[in-house]
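These notes concern the structure reproduced below.
A short reminder: the numbers here are calculations on the coordinates, not readings from a lab. From a predicted model like this one, the values you see are computed outputs, not experimental measurements. In this analysis, Cβ positions are derived from the backbone assuming ideal geometry, glycine residues included, and neighbour counts consider all displayed protein chains.
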Amino acid sequence: MLNTERKPITGKRVQLMATCLCDAFYDDVAAATVQVLEYLGVEVVFPEGQTCCGQPAFNGGDWTASRKVVRHTVKTFAGEEPVVVPSGSCAAMMFHGAVLEFENEADLGEVEALGRRTWELGDFLVNGLGVKTWPGRFEATVAFHRSCHSRGTNSSTAAATLLGSVAGLKIVEFGEGEQCCGFGGTFSVSFPNISASMGALKLDHIRAVKPDVLVSGDMSCMMHLGGLAKEEGKPIKTLHLAQVLRDALKNGKLI
Amino acid sequence: MRFQQIDQFAAELKADTRAAVYDGSKKGHEKRTKLLFDEYADPDRLRRIAGEVKQHVVENLDTYLPQVEAKLKANGVIVHWAATAEAANQAVLGIMRARGATKMVKAKTMVSEETELAHFLEKHGMEALETDLGEFIVQIDGDHPSHIVKPIIHKNRREIATSFEKNGLGAYNDDPQTITRRARHFLRHKYLEADVGLTGANFVSAESGRLVLVTNEGNSRFCLAATKCHIAMVGIEKIVPRDYDLALFLNLLARSGTAQELTVYTEFISGPKSPTQPDGPEEMHVIFVDNGRTEVLASDCRDILRCIRCGACLNVCPVYRQASGHAYRSVYPGPVGAVLSPLMMGDKFPQKADLPKASSLCGACHEVCPVNIPIPDLLLRLRNRAKEENVPSPGTPPMGAWALLASQPTAWRASLFGGKIINYLPTKLLPIPALRAWEAKRSLPAWRGGEFRKWLKTRKGRADFSPTAPSRAEAKKAD
């Protein structure tokens, strides 16, 4: 089982781990994360030196390269504040993957310490801050994709709790929700055929329930599914959990 | 561009085969989940307990193996130890020759697939007939099982009817009942003619020396009822400490493997027939097979030896569903096979080092495993081992340059800015192979490197933020 134990939240200040995907492609997701946290009165600090959590090399099998990046990340996120990240995948890298690849390293303790204060955004809002309902309004039928890195964590339940509480928002279930979208990091480029077939199945299930928007806590899944749909010439609208929460606030004129 | 073998295999798979594998595994998974969660308040807790029991066994084999040997001997069983597949096969051959036996009927056992026992015996002039219906069909087809529990998941009934016709088992008829009746009729006579019955064992209790066999067709009972000699081939990891533990394992195995509360037949075998019993084997042998297991035990992936061969991880695995079992080139396919098969290669690990790559690491296998094996972690360890042994891995992006960039913030920020060039390049001119492979199937989103950092610096208070994303569609079209 994943070690998802976290230090309880005391202060109102967090460090934001924006993720390399948001840094490169999805700036609005990172911005929405800041806006959501600030709405709750949380001060968001962005350590400028941050790069990536190290997961690409970890998954690719190059643990030496990955540890180099993790060590940089540990240094960059020094301090005691919770680290909040709008990605179940990067969060799991910090509290599980990195710990695995450091099991025989002298600095395992520092890596574990960072893992214990790293939170996926939805998990942080619901289980860290105790937010159970979300204000504002978001008129849409939403298909929520449970990303694989949230297995064994509180993240999917947390996201569903928040989304389900937004006025105007209706969640629709789709078939085989427990199945992977086919992204899988380096898997997506070294097994392109299987990866794309898995994505096509997921898209079939999602389209069958005709949602207005597909929402997830991980942009990597959205990048894959959105990219496949666009390539097919049948694009789908994708949003990150943070964007839905931020837009709900905006629609309700709360920010 | 070169792709991974398993990906290539999946791409070339016949649509019929893919559909059969997909449907069979999906149904198996859904029935399993319903049964477990309908009946038990907390099935995950049961999986964790079962995992701890098997882990305890794996870590204490040095205690349990002598204990089980003593119990078996006391029960009148002759115990053999086989370090290799060859030694296991030779032991079987030796027993048959000593009895002047030439005909064996076989129940389904994965360890005999590992050792290719049937082929070996045929080469030495013996008849070795598979009596499990799926294994029987695989045998008459000269095929290989593609699933641990459902050997012919990759076939449809039309293919089976055709091979029955080809093998003289009646004119073409694809009605499943007819197929089964014909196989049964053929096999009945074979049981009566056979000298030796071979089985595996799903569990062996160290407390009592009892062998436990679970089947659904009753074929293993026929194998033992009609022959005078019973040989069981058993992997050394099949031990459970106590008879009591079987309650947990039998419940989990049947539910996880075939979505049954219990299999149709559950046999407890304590030894050869006693003088007071009218029939049954008068001689019983247990061959404990290592065949690479102690090497697995010595590795950092020993958790995989907990496996009770239920096949639930195959059924749930999206990669297995797309690629089929034969894609794995191994006796054990799917997630468990992707860990076990390369490990069992010993020094030839590089030949199967691609198997652990065939996973999106989605974790569904870990979630369904009745003994809670952290399969994704083990796949990752093996990927790292492959890298350390410099095994080439087609399509896996090299990470050295990336790691350098990602540990130098200034260089990272510069590359965020410089990356914008990809918005204007056609696919074939994209500077990184991984990006080209991505675009072979998917559109890349617009590169907006550094935009978030800029926003953070320039916004005043909680400034609104409405990005307009340019599309890569134009550039990609220029390809």
Among A:Leu239, A:Gly199, A:Thr157, which residue has its Cα positioned farthest towards the positive end of the charge dipole of region A:137-251, with +1 placed on the Cβ of Lys and Arg, -1 on the Cβ of Asp and Glu, and the dipole taken about the Cα centre?
-> A:Leu239
Rounded, prolate or oblate: which one fits region B:42-291, using the alpha carbon gyration tensor with axes a ≥ b ≥ c (rounded when a/c is under 1.5, else prolate when a/b beats b/c, else oblate)?
-> oblate
The long-range amide H neighbours of A:Ile236, using H built 1.01 Å from N in the peptide plane and a cut-off of under 5 Å, are A:Lys230
Cα-based reach from B:Lys357 at 20 Å (exclusive), listing aspartates and glutamates while leaving out same-chain residues under 8 positions away | A:Asp62, A:Glu101, B:Asp7, B:Glu12, B:Asp300, B:Asp303, B:Asp347, B:Glu367, B:Asp377, B:Glu388, B:Glu389
Ratio of the Cα radius of gyration of region B:355-448 to 2.2 N^0.38 Å, where N counts its residues = 1.39
List the residues whose amide H sits under 5 Å from the amide H of B:Asp132, counting only those 5 or more places along or on another chain, with H placed 1.01 Å from N in the peptide plane.
-> B:Lys108
J(HN,Hα) series, region B:325-341, from Karplus relation 6.51 cos²θ - 1.76 cosθ + 1.60, nearest Hz, glycine and proline x = x, 5, 4, 7, 6, 8, 4, 9, x, x, x, 5, x, 5, 8, 5, 4
Nearest-0.05 FRET efficiency for B:Glu30 and B:Glu52, computed from C-beta distance (R0 35 Å) = 0.80
If you plug each phi of region B:415-431 into the Karplus form 6.51 cos²θ - 1.76 cosθ + 1.60 with θ = phi - 60°, what whole-Hz ³J(HN,Hα) values come out, in order, with x for Gly and Pro?
-> 6, 4, 6, x, x, 4, 4, 5, 5, 10, 9, x, 3, 5, 9, 4, x
Stretch gain in nm, segment B:Ala298-B:Glu261, where the contour uses 0.36 nm per residue and the Cα spacing is subtracted = 9.8 nm
Amide H to amide H under 5 Å from A:Ala140: which residues, 5+ apart in sequence or cross-chain, H placed 1.01 Å off N in plane?
-> A:Leu169, A:Lys170
The size of the Cβ-based charge dipole (Lys, Arg +1; Asp, Glu -1) of the protein assembly as shown about the Cα centre, to the nearest 20 debye, is 1880 debye
Could you sort out which of B:Lys108/B:Lys155; A:Lys210/A:Lys237; A:Lys132/A:Lys250; A:Lys234/B:Lys155; B:Lys73/B:Lys108 sit more than 22 Å apart by Cα distance in this structure?
-> A:Lys234/B:Lys155; B:Lys73/B:Lys108
Hey, in chain B, which Cys have no second cysteine's beta-carbon closer than 4.7 Å?
-> B:Cys223, B:Cys229, B:Cys301, B:Cys307, B:Cys310, B:Cys317, B:Cys369
Label A:Glu176 and A:Ile255 with points 7 Å out from Cα along Cα→Cβ: what is the distance between them in nm?
-> 3.6 nm
Provide the packing ranking of A:46-58, A:94-106, B:91-103, i.e. peptides ordered by the mean count of other C-beta atoms within 10 Å per residue, highest first.
-> A:46-58, A:94-106, B:91-103
Of B:Phe349, B:Phe222, how do they rank once you tally other Cβ atoms within 10 Å and put the fewest first?
-> B:Phe349, B:Phe222
Just add up the charged neighbours of B:Val214: K/R +1, D/E -1, any other residue whose Cβ is under 14 Å from the Cβ of B:Val214.
-> +2
Dividing the helical contributions, -39500 (n - 2.57) per DSSP H run of n ≥ 4, by the residues of chain B yields a 222 nm value, nearest 500 deg cm²/dmol, of -14500 deg cm²/dmol
Karplus-derived 3J(HN,Hα), 6.51/-1.76/1.60, for each residue of region A:245-255, Hz, glycine and proline x | 5, 5, 5, 4, 5, 5, 4, x, 6, 8, 9
Summing -39500 (n - 2.57) over the DSSP H runs of n ≥ 4 in chain A and dividing by its residue number, what mean residue ellipticity at 222 nm do you reach, to the nearest 500 deg cm²/dmol?
-> -12500 deg cm²/dmol
Using a Förster distance of 22 Å, how high is the FRET efficiency between B:Arg45 and A:Glu112, based on the Cβ-Cβ distance and rounded to 0.05?
-> 0.30
Is region A:192-241 best put as rounded, prolate or oblate by its Cα gyration tensor, with a ≥ b ≥ c the root eigenvalues, rounded for a/c under 1.5, and otherwise prolate when a/b is larger than b/c, oblate when not?
-> oblate
Taking only the alpha-carbon positions of the protein assembly as shown as identical scatterers, the Debye log10 I(q)/I(0) at q = 0.06 Å⁻¹ comes out as -0.40
Return the average number of partner chain Cβ atoms within 10 angstrom of each residue Cβ along peptide A:139-148.
-> 1
Simple spin-label model, 7 Å along Cα-to-Cβ: B:Ser274 to B:Ala15 in nm?
-> 6.1 nm
Counting Lys +1, Arg +1, Asp -1, Glu -1, what net charge surrounds B:His80 among other residues with beta carbon under 13 Å of its beta carbon?
-> -2
Most packed first (mean Cβ within 10 Å per residue), the peptides A:136-149, B:421-434 order as A:136-149, B:421-434
Dipole magnitude of chain B about its Cα centre (Cβ charges: Lys, Arg +1; Asp, Glu -1), debye to nearest 20 | 2340 debye
